[in-house]
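*Asks:* Here it is, the structure, as structure tokens.
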Amino acid sequence: MFKKSRKKIVAAIMSVLVLLWVGTLSIIYASSYIEMSNQNARLLKTHAQMYTLTGYFDGIMVPSMPFPGGNPTFSESPMFQLSVFYTVAVSYNGSILEIQNEPPTVHTDDELKDMALSIIKNNKISGTKNNLAFYSTDKNGYILVTFMDNTIVNESAMTLFRYTLIFGSLALVLFFFLSVFLAKKIVDPLEESYSKQRQFISDAGHELKTPVSVVSANAELLSREVGDNPWLQNIQYENERMGKLVGQLLELSRTENVTPETEEINLSRLVAGEALPFESVAFEKGLILNSDIAGNINVKGNGTQLKQLVSILLDNAIQHSSQPGEISISLTKEHSLAKLSVINSGDEIPSEHRDKIFERFYRMDTARNSDSGHYGLGLAIAKAITVSHKGHIEVLCFDGLVEFRVILPVL
């Protein structure tokens, strides 16, 4: 239980850290990408606005006309002056008017021409292609496609991203060990408290066993002397209740603290044998017990504890079943698991109580009271037995039925 708690704490801490890390990186890189895209657009537009072309091409006079809205101040900035631009001017009929691609260059004229014609053909205005940001505009007589080389910027961004991942991953590894340490610090006091509680129950059970036996013996001797006496009967009744409680406390303590001897058990035969005497008990209370037990299901476990598990579930079903009614016990094998199911008709258990009913001394309502000889320990013992056999127990409610289901690994 506490091992699972540690894992959950570590998982929670690491989930928060990973989400914060991924979220922060996403915001930073998304913001950087948007800012870089906007800046590229401003640089390309400024370069396109400053570009002019004059002359006769294919018998057409191309006028020299600056594009409105120029930004001379921005064009004087170091960022603009240090940027590498390529331009391809294309006439309306698709012929190349001019290519500006001053050496040294990474891209050939043919590459720039093919990219420019592809951009015009696809009616694209802006974007990126082969580490080049581009912008296409109509210059009043021809189409100008302006490119800006982003190779260095992209390489720098990838280097930054790579080192961020490396150092971020190392930081997460360190945080993982830190979260393990913190989880241990958080859970250890709870585990110690729980261990002391279990020890107290065990010690109290053993200490109470002797006086209960003494009271029982003396009450029996006294009844022989004085005969029937209502006060003496009350003492005997309450002493019997106390004896049952002490016995359940000791049983719970043994189940939780002592590793049982295990062997190969024919669970089918064990369940069938344990269910048989409960048929008469159910009949006396106006109930019918139906069994559906698959054969040859073997598990590794402790026979005494498994019998007690079946007994607790059947007794619980009889005590809380609507009368008249039916109780069904079934045992099936699904893949590598054995499924033991005990179903009775009865009031639905609210979802908020379904996990709590397996806690010691828990009683959901007045129907589960000590007057019936039940103290809220039976299902706690059933859970302890199931856990010690590496299984799982749960309660399900549907269509006016209550099902207690136990899953155990099979051989």
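The values are calculated or read from the model by the stated rules, or taken from the named source; none is laboratory data. What you see is a predicted model; the values in this text were computed from it and never measured. Ideal geometry is used to build each Cβ from the backbone, glycine not excepted, and the neighbour counts take in all protein chains shown.
*Asks:* For the structure I just gave you, tell me whether residue 286 is of a type outside the set (Lys, Arg) and not assigned by TED's automatic domain parsing to the domain that holds residue 382.
*Replies:* no
*Asks:* Take the residues in the stretch 101-123 that are in a helix (DSSP H, G or I) and of a type in the set (Val, Ile, Thr); name whichever of them is nearest to residue 30 (Cα to Cα).
*Replies:* So the residue we want is 119.
*Asks:* Can you confirm whether residue 303 is under 15 Å from residue 403 (Cα atoms), surrounded by fewer than 22 Cβ atoms within 10 Å (Cβ to Cβ), at pLDDT below 95 and assigned by TED's automatic domain parsing to the domain that holds residue 272?
*Replies:* Here the answer is no, as residue 303 does not meet what is asked.
*Asks:* With (1) within 23 Å of residue 387 (Cα to Cα); (2) touching a Ser or Thr at 6+ places or on another chain (Cβ under 6 Å); (3) surrounded by fewer than 15 Cβ atoms within 10 Å (Cβ to Cβ) as the list, and residue 293 as the residue in question, which single condition is left unmet?
*Replies:* If we test residue 293 against (1) within 23 Å of residue 387 (Cα to Cα); (2) touching a Ser or Thr at 6+ places or on another chain (Cβ under 6 Å); (3) surrounded by fewer than 15 Cβ atoms within 10 Å (Cβ to Cβ), just (3) comes out false.
*Asks:* Of all the residues that make up the stretch 342-360, how many are within 27 Å of the chain's Cα centre (by Cα) and among the polar types (S, T, N, Q)?
*Replies:* The number of residues fulfilling the criteria is 1.
*Asks:* OK, next. Could you pull out the residue among 245, 232, 221, 249 that is more than 38 Å from the chain's Cα centre (by Cα), closer than 27 Å to residue 390 by Cα and not assigned by TED's automatic domain parsing to the domain that holds residue 386?
*Replies:* Every option except 245 fails the conditions.
*Asks:* Follow-up. Quick check on residue 281: is it within 16 Å of residue 312 (Cβ to Cβ), over 39 Å from the mean Cα position of the chain (by Cα) and of a type in the set (A, V, I, L, M)?
*Replies:* Judged against the criteria, residue 281 is a match.
*Asks:* Does residue 328 qualify as being surrounded by fewer than 18 Cβ atoms within 10 Å (Cβ to Cβ), in contact (Cβ under 8 Å) with a residue 24 or more places away in the chain and among the hydroxyl-bearing types (Ser, Thr, Tyr)?
*Replies:* Yes; evaluated as a whole, the condition is true for this residue.
Yes or no, residue by residue, for (1) modelled with pLDDT of 55 or more; (2) more than 54 Å from the chain's Cα centre (by Cα); (3) surrounded by fewer than 16 Cβ atoms within 10 Å (Cβ to Cβ):
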site	(1), (2), (3)
52	yes, yes, yes
57	no, yes, no
60	no, yes, yes
66	no, yes, yes
71	no, yes, yes
77	yes, no, yes
82	yes, no, yes
87	yes, yes, no
95	yes, yes, yes
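*Asks:* Taking residue 216, is it among the polar types (S, T, N, Q), in contact (Cβ under 8 Å) with a residue 24 or more places away in the chain, surrounded by 11 or more Cβ atoms within 10 Å (Cβ to Cβ) and at negative phi?
*Replies:* The answer is yes for residue 216.
*Asks:* State which residue is farthest from residue 163 (Cα to Cα) when the search covers only the stretch 15-34 and only residues that are touching a residue at least 40 places away in the same chain (Cβ under 8 Å) and within 18 Å of the chain's Cα centre (by Cα).
*Replies:* 17
*Asks:* Looking at the stretch 124-229, what strands (runs of 3 or more DSSP E) fall wholly within it and have at least 2 residues that are among the aliphatic types (A, V, I, L, M)?
*Replies:* Qualifying strands (runs of 3 or more DSSP E): 132-138, 143-149.
*Asks:* Taking the residues in the stretch 97-114 that are hydrophobic (A, V, I, L, M, F, W, C) and within 21 Å of residue 50 (Cα to Cα) as candidates, determine which candidate is surrounded by the fewest Cβ atoms within 10 Å (Cβ to Cβ).
*Replies:* In this case the residue turns out to be 99.
*Asks:* Regarding residue 133, is this residue in contact with an Asp or Glu (Cβ under 7 Å, 6 or more places away or on another chain), crowded, with 16+ Cβ neighbours inside 10 Å and modelled with pLDDT of 85 or more?
*Replies:* no
*Asks:* (1) part of a strand (DSSP E or B); (2) surrounded by 14 or more Cβ atoms within 10 Å (Cβ to Cβ): which one isn't true of residue 232, the others all being true?
*Replies:* Single failed check for residue 232: (1).
*Asks:* Here's another thing I want to ask about it. Which number in (1) modelled with pLDDT under 90; (2) over 21 Å from residue 398 (Cβ atoms) marks the one condition that residue 321 misses?
*Replies:* Condition not satisfied by residue 321: (2).
*Asks:* Another question, then. Please go through the stretch 91-132 and pick out each residue that is in contact with a Ser or Thr (Cβ under 9 Å, 6 or more places away or on another chain) and among the hydrophobic types (A, V, I, L, M, F, W, C).
*Replies:* Those that are in contact with a Ser or Thr (Cβ under 9 Å, 6 or more places away or on another chain) and among the hydrophobic types (A, V, I, L, M, F, W, C): 97, 99, 106, 112, 116, 119, 120, 125, 132.
*Asks:* Looking at 180, 145, which is the one that is surrounded by 12 or more Cβ atoms within 10 Å (Cβ to Cβ), not assigned by TED's automatic domain parsing to the domain that holds residue 19 and not hydroxyl-bearing (Ser, Thr, Tyr)?
*Replies:* 180
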